[in-house]
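Colleague: One structure follows; several queries about it will come next.
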Protein chains: 2
Amino acid sequence: MARVVVNVALKPEILDPQGRAVQGALGRLGLTGVSDVRQGKQFIIDLDGALEGERAEVMQKLAGELLSNPVIEDFTLTVEN
Amino acid sequence: MARVVVNVALKPEILDPQGRAVQGALGRLGLTGVSDVRQGKQFIIDLDGALEGERAEVMQKLAGELLSNPVIEDFTLTVEN
């Protein structure tokens with residue numbers, strides 16, 4: 001069994017109003033010195049068997065096209081086989 | 001400068017309809033053998049200075065009360081000082 005973790009975050013140059021709201025809230029609730037907050041998504045995908053060969057290519061492609069929006073988001077993909 | 005990464009996910013016993021929808025879509029788009037998908041949130045928080053002492057306690061508290069809903073979600077917090 002393989003576990004794939006895909007983290008999706010807005011590209012650095014894209015404004016993140018959710019992150020900005022969290023930054024303000026953290027400050028108001030007593031956390032000092034917060035210089036930036038970015039909010040992203042995390043997908044934890046469990047697969048039967050190992051992720052290799054063609055299936056790894058499909059996973060990589062879908063992480064970039066289904067799980068993230070390549071126009072405004074970057075993703076990282078890590079595999080625990 | 002410290003970077004804090006807070007990952008928030010639904011507790012295992014809570015149904016995740018978003019994850020279920022992604023699981024279905026991955027299958028339809030050609031990824032075989034997907035046994036489970038969970039969708040969560042990720043917060044990347046940049047702080048001035050190191051996270052230690054009272055500020056670390058405030059961060060831990062807010063991760064559990066502001067960034068996640070303790071009734072239905074679990075969180076993990078990692079710090080890169």
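The values are calculated or read from the model by the stated rules, or taken from the named source; none is laboratory data. All of these numbers come straight from a predicted model, not from anything done at the bench. Here Cβ is always computed from backbone atoms with ideal geometry, including for glycine, and neighbour counts include all displayed protein chains. Ligands, DNA and RNA are excluded from the accessible area calculation, which covers all protein heavy atoms including side chains. Shrake-Rupley method; radii C 1.70, N 1.55, O 1.52, S 1.80 Å.
Colleague: Do we find a residue being within 22 Å of A:Val8 (Cα to Cα) and in contact (Cβ under 8 Å) with a residue 40 or more places away in the chain anywhere in region B:11-20?
Modeller: So in region B:11-20, the residues within 22 Å of A:Val8 (Cα to Cα) come out as B:11-12, B:15-20.
With the extra rule that they be in contact (Cβ under 8 Å) with a residue 40 or more places away in the chain, the set shrinks to B:11.
Scanning region B:11-20, I find at least one residue that is within 22 Å of A:Val8 (Cα to Cα) and in contact (Cβ under 8 Å) with a residue 40 or more places away in the chain, so the answer is yes.
Colleague: Among the strands (runs of 3 or more DSSP E) confined wholly to chain A, which include 2 or more residues that are facing chain B (nearest Cβ under 10 Å), of a type outside the set (Ser, Thr, Tyr) and open to solvent by less than 40 Å² (accessible area, probe 1.4 Å)? Before the answer, list the steps.
Modeller: On the way: elements: A:2-10, A:34-47, A:73-80.
Once the strands (runs of 3 or more DSSP E) in chain A are filtered for at least 2 residues that are facing chain B (nearest Cβ under 10 Å), of a type outside the set (Ser, Thr, Tyr) and open to solvent by less than 40 Å² (accessible area, probe 1.4 Å), what remains is A:2-10, A:34-47.
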